[in-house]
Amino acid sequence: MDSKLNNYSIPLKLMQLYTTREIEQLQEHEDLPSLIEIMEWVKKFLGRSHPDLGRPGVVCPFVPYSLKSNSIRLAVIHTKDLYPEQLEEVVERYRDIFLQIDVEERKIAINKAFLLIFPDIHIEDAPKVIDSVQQKLKPLFVESGLMIGEFHKRNESPGLHNPNFRPLRSPIPLLAIRFMVEADLPFLQNPTDPHLRIRYLEAYLKHFDRKFTDETKFKIARQALALAKEQIKQGHLVSSCI
């Protein structure tokens, strides 16, 4: 590893988080344009219905309540002087901050979210940079009971209810952090790698152990886990016969 990485420490300024109400009161801040653009995108896209969504309601069901409870926090992260490993470290630090939830906030924990904005990442580089960080860190986040999502203009991930809808496109590249919910099961049982699928499903089942409100999802997760393990077993049997 480069010696510069060993001496790297994250500036406190880099860890600054703002609620939407604080952003509305900011004046002459260098990152204000990025903060406002994403805040407006949250309100006008994620927090509203869309004709291509494929289901009733708003794009993200939690956003209206999160805005009302002032539970969304935004941060601008400048990446032009960061190595990929340093960027990953910064995102991991935000995970640690996210998990330090106040007792009073536990009642509205499901509505809590961090939006990490990366204005320095060019639209052409976003799929490589943002997606790679998300894929690298997702196992760590899932095992912490969290989800981390990648958003940018080139995101091709389809909607759950309409494959032609692109819900993860944002005007500026960003990563979103929130608590895992039972409805996240489709995102955790879709990796083609059965080893990764097992890792996600075991974390999911452990996180909601004896706390499932939807027994159907519990059964589906158990079945998907058994199927992934059987897939690995069959793979071993095939390879041993070659």
**OP:** Find the eigenvalues of the gyration tensor of the Cα atoms of the stretch 85-183, then list the square roots of 5 times those eigenvalues as equivalent ellipsoid semi-axes, largest first, in whole angstrom.
**Re:** 23, 17, 12
**OP:** Please sort through the DSSP H helices of the chain and keep those with an alpha-carbon extent of at least 18 Å along the long axis and a Kyte-Doolittle average not below -1.0.
**Re:** 84-99, 126-142, 194-207, 215-241
**OP:** With springs connecting C-alpha atoms under 10 Å apart, model the chain as a Gaussian network and identify which of Q231, Q16, Q27 has the largest mean-square fluctuation.
**Re:** Q27
**OP:** Enumerate by residue number the trypsin sites (Lys or Arg not before Pro) in the stretch 20-78 meeting two conditions: DSSP loop (anything except H, G, I, E, B), and at most 15 other Cβ atoms within 10 Å of the site's Cβ.
**Re:** R48
Original post:
Which value, in debye to the nearest 20, describes the size of the charge dipole of the stretch 3-180 about its Cα centre when Lys and Arg Cβ atoms bear +1, Asp and Glu Cβ atoms bear -1, and nothing else is charged?
Top reply: 640 debye
Subject >> Beta bridges by DSSP in the chain, antiparallel share as percent, to the nearest 5 >> reply: 70 percent
**OP:** Taking the Cβ of each residue in T216, T192, T20 as the centre, tally the other Cβ atoms inside 10 Å and list the residues starting with the fewest.
**Re:** T192, T216, T20
Original post:
Label points 7 Å out from Cα along the Cβ direction at N162 and Q25: separation in nm?
Top reply: 3.8 nm
Original post:
Which lysines, on any chain, are close to K206 with Cα under 20 Å apart, when same-chain ones fewer than 8 places away are left out?
Top reply: K138, K217, K219, K229
Original post:
Is it possible to state the helix-based mean residue ellipticity at 222 nm for the chain, with each DSSP H run of 4+ residues giving -39500 (n - 2.57), the sum divided by total residues, to the nearest 500 deg cm²/dmol? What is it?
Top reply: -13000 deg cm²/dmol
**OP:** Name the longest site-free stretch of the chain, where the excluded sites are GluC sites (Glu not before Pro) in a DSSP loop with no more than 10 other beta-carbon atoms within 10 Å.
**Re:** 31-123
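Readers should treat all values here as calculations from the given coordinates under stated rules, not as data from a laboratory. Everything numeric in this text was worked out from a predicted model, so none of it was measured. So basically every Cβ, Gly included, is an ideal-geometry build from the backbone, and we count neighbours across all protein chains shown.
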